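J.: Questions regarding the structure given below will be posed in turn.
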Amino acid sequence: MNTNNKIIHHIFRDGVSQRGRLLRELEPDYVSVDERDVSDLLTFVQKYATKLNYYDESNRINGDWSSFFGGDVEQMLAYIKNPESFADDPSTQRQLAQPHLVLLFTFLQLLRYPQQQFKALTQRYLDFYYKEVLQLRTKEEVPDKVNVIFELAQGEEAHLINKGTWLSAGQDNQGVNINYATDEDIVVNQAQVASIKTLFIEKNSIGLEEIHNQDNKSDQSFENMLRWAVGRPNQGDQLPDFNGDAVDIDYLKERIYQQINDIEIEQIPQEQEDYIKNKLFFATVENFKYCFEIHDRQIKKADADVQEPTELEWNEVYKILEKAYRKKITMGRRNALKEKREQEEREQLAFKSMMELALGSPNPGDPLPKMPNGYTTLQEIFDHLDQEPVIRYIKEELYLSVADFRKIMEILATTENPDWEEVYRLVEKAQTKKRNFTYPPIGKTEI
């Protein structure tokens with residue numbers, strides 16, 4: 001007779017739940033008729049285009065359709081997700097914004113809806129089979145639970161309430177008695193909660209439009225709005241100096257806007273253009289001029305020959321300033337990468353330190369994620385771009401497309417005038433994806 005009474009493995013069963021029996025593979029939505037995502041469909045389109053003959057104007061076969069849908073799939077996916085992320089890469093943006101590609105991207109986005117309907121087919125079939133054909137019914141209800149507060153009768157010091165004591169809760173809307181049973185022994189005594197207090201802090205988020213309207217869209221309120229968008233170093237701080245001079249709204253109007261307003265873009269002095277784009281972070285000089293033109297009309301709205309700006313025009317100004325605010329944050333991240341690289345004298349070590357700051361795992365500055373096939377340097381990764389584990393490492397661990405990684409390594413190998421600004425742009429983009437960076441809300445919070 002076996003005298004070993006030790007329970008090796010205790011399986012908890014609550015008598016109602018069947019969660020322990022479920023397998024993910026048996027769930028109705030585990031597989032679908034069409035499981036391809038946008039990336040798979042773009043790859044299919046590129047491969048299928050090589051099978052289609054292209055007929056030129058003379059009705060002769062002249063190659064295939066692959067040139068219409070070429071390009072990096074990762075870049076296409078990034079453009080579909082956020083076209084504005086390519087604002088600082090106009091050549092790629094123009095390529096991805098071609099009408100036939102935009103039409104394709106739109107179709108692939110809309111294709112998600114019939115895919116969801118296909119995914120529900122199995123569940124709809126099961127519902128019909130079990131409920132209509134087999135006539136199965138749902139399980140019995142699970143008993144309800146409540147929290148109960150007991151109070152002692154006058155003169156009592158303590159009282160025991162045994163487990164299973166029935167408590168009446170009246171009747172439901174159908175006249176059926178509602179009863180609960182205590183699930184454990186309880187000793188009720190004189191201990192009480194003295195008080196319960198809740199502290200609520202009301203926070204009001206004030207955006208650019210509210211800041212602008214606080215002083216009736218005056219010169220000062222326009223300056224305040226600019227300071228909350230592009231003030232340095234933090235939101236609401238003073239505007240960046242220009243050639244050592246402190247800058248306010250009057251300075252911007254008289255020393256910059258009025259001097260460039262009536263001249264062609266090509267004739268604008270380089271130092272003023274650099275200040276507008278790299279200190280105030282406007283995407284273009286035209287955007288800067290547009291904002292100040294709208295503001296100038298607002299200030300002069302009482303003049304007979306001046307038309308007061310519309311709400312739509314001001315909304316465009318707010319959008320431009322929000323883009324400048326985001327560009328400021330993005331450029332701050334790139335400058336941090338630049339400073340990290342320039343701290344080291346040896347180029348290979350400087351590049352390695354910069355990449356670790358951006359893509360180190362798990363934290364910034366840690367070593368890069370472990371490389372496949374025993375490789376220890378990014379140069380070895382670059383030398384084996386034809387290997388599937390290497391491609392997967394670049395995409396999943398470095399958050400770069402193969403094309404972007406290749407461009408970075410080619411710039412690193414350049415001896416004359418390497419385009420480091422492009423490296424900072426590509427690495428910062430990967431860093432943002434890896435760290436899941438977001439832009440803080442623009443404006444201020446009042447308590």
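J.: If region 293-447 were replaced by its equivalent ellipsoid, with semi-axes equal to the square roots of 5 times the Cα gyration tensor eigenvalues, what would those be, largest first, whole Å? Mind showing how you got there, number by number?
T.: Details: eigenvalues 371, 56, 45 Å².
For region 293-447, the semi-axes come out at 43, 17, 15 Å.
J.: Now a separate question. What full-extension length gain, to one decimal in nm, is calculated for Gln259 and Ile161 as 0.36 nm per residue of separation minus the Cα-Cα distance? Mind showing how you got there, number by number?
T.: Numbers: separation 98, 0.36 × 98 = 35.28 nm, distance 8.71 nm.
Result: 26.6 nm gained on full extension.
J.: Now for a different question. Once the other residues with Cβ under 12 Å from the Cβ of Glu84 are scored (Lys, Arg +1; Asp, Glu -1), what is the net sum?
T.: Working: positive: Lys81, Lys319, Lys323, Arg326, Lys327; negative: Asp88, Asp89, Glu322.
That sum, taken over residues with Cβ under 12 Å, equals +2.
J.: Here's a follow-up. Mean residue ellipticity at 222 nm from the helices of the chain, using -39,500 (n - 2.57) per DSSP H segment of n ≥ 4 over the full residue count, to the nearest 500 deg cm²/dmol?
T.: Numbers: 16 runs with 184 residues, N = 447.
Per the formula, -12500 deg cm²/dmol.
J.: Also, quick follow-up: Taking a ≥ b ≥ c as the square roots of the eigenvalues of the Cα gyration tensor of region 161-278, is the shape rounded (a/c under 1.5), prolate (a/b larger than b/c) or oblate?
T.: Prolate is the answer for region 161-278, as a/c is 1.5 or above and a/b outweighs b/c.
J.: Same structure again: For region 108-225, with the dipole built from +1 on Lys and Arg beta-carbon atoms and -1 on Asp and Glu ones, taken about the Cα centre, which of Asn177, Gly155, Leu136 lies farthest toward the positive end?
T.: Among Asn177, Gly155, Leu136, the one farthest towards the positive end of the dipole of region 108-225 is Leu136.
J.: Find the relative contact order for region 343-435 and round it to a whole percent, using C-alpha pairs within less than 8 Å whose residues are 6+ positions apart. Before the final figure, lay out each step's value.
T.: Details: 72 pairs, mean separation 20.8, N = 93.
Reported as a whole number, the value is 22 percent.
J.: Hey, another quick one. What is the Cα coordinate range of the chain on the first, second and third principal axes, sorted by size from largest, in whole angstrom?
T.: 94, 68, 54
J.: Order of 362-371, 313-322, 137-146 by packing, highest average Cβ count within 10 Å first?
T.: Numbers: 362-371: 12.5, 313-322: 17.3, 137-146: 7.4.
So the order, starting with the most tightly packed, is 313-322, 362-371, 137-146.
J.: Using 7 Å Cα-to-Cβ label points, what is the Lys81/Val188 separation (nm, one decimal)?
T.: Those two pseudo-labels are separated by 5.8 nm.
J.: What is the percent of Cα-Cα separations in region 44-108 that go past 15 Å? Don't skip to the end; give the middle numbers.
T.: Values: 1171 of 2080 pairs.
It works out to 56 percent of all Cα pairs.
J.: Let me have the relative contact order for the chain, percent, based on Cα pairs under 8 Å that are six or more residues apart. Don't jump to the answer; show the numbers that get you there.
T.: On the way: 380 pairs, mean separation 47.3, N = 447.
Averaging sequence separation for qualifying contacts and normalising by length gives 11 percent for the chain.
J.: Note down the Stokes-Einstein diffusion coefficient of region 367-431 in µm²/s, whole number, using a Kirkwood radius over alpha carbon pairs, 37 °C, and 0.692 mPa s. Intermediate values should be presented prior to the final figure.
T.: Details: Rh = 12.2 Å.
Value of D from the Cα-based Kirkwood radius: 269 µm²/s.
J.: For the ranges 77-89, 158-170, 396-408, what's the packing order if you count other beta-carbon atoms within 10 Å of each residue, average per peptide, and put the highest first?
T.: Descending packing order for the listed peptides: 396-408, 77-89, 158-170.
J.: Turning to a different aspect of this structure: Explain nothing, just the number: dipole magnitude of region 21-139 about its Cα centre with +1 on each Lys and Arg Cβ and -1 on each Asp and Glu Cβ, in debye rounded to the nearest 20.
T.: Computed about the Cα centre, the dipole is about 680 debye.
J.: Rounded to the nearest 20 debye, what is the charge dipole size of the chain about its Cα centre when +1 sits on each Lys and Arg Cβ and -1 on each Asp and Glu Cβ? The partial results should precede the final answer.
T.: Working: 55 positive and 77 negative charges, 349 e Å.
So the dipole magnitude of the chain works out to roughly 1680 debye.
J.: In whole Å, what are the Cα extents of region 204-331 along the three principal axes, biggest one first?
T.: Ordered largest first, region 204-331 gives principal extents of 40, 35, 23 Å.
J.: So, one more: If you line up the long axis of helix 99-110 against the longest principal axis of the chain, both from Cα atoms, how many degrees apart are they, to the nearest 10?
T.: With rounding to tens, the tilt is 10 degrees.
J.: While we're looking at this one, here's another question. Calculate the spin-label point distance for Val402 paired with Asp248, positioning each point 7 Å from the Cα along the beta-carbon direction, and give it in nanometres.
T.: About 5.9 nm separates the two model spin labels.
J.: Take the alpha carbon atoms of region 36-62, find their center, do the same for region 84-125, and report the distance between the two centers in whole angstrom.
T.: Result: 17 Å between the Cα centres.
J.: A follow-up question, please. Which one of Leu134, Leu337, Leu41 has the biggest mean-square fluctuation once the chain is modelled by GNM with Cα springs under 10 Å?
T.: In this elastic network of the chain, the residue with the biggest mean-square fluctuation among Leu134, Leu337, Leu41 is Leu134.
Taken together, the values in this text are just the output of simple stated rules run on the coordinates, not laboratory data. What you see is a predicted model, and the numbers here were worked out from it, not measured in a lab. All Cβ positions, glycine included, derive from the backbone under ideal geometry; neighbour counts span all protein chains shown.
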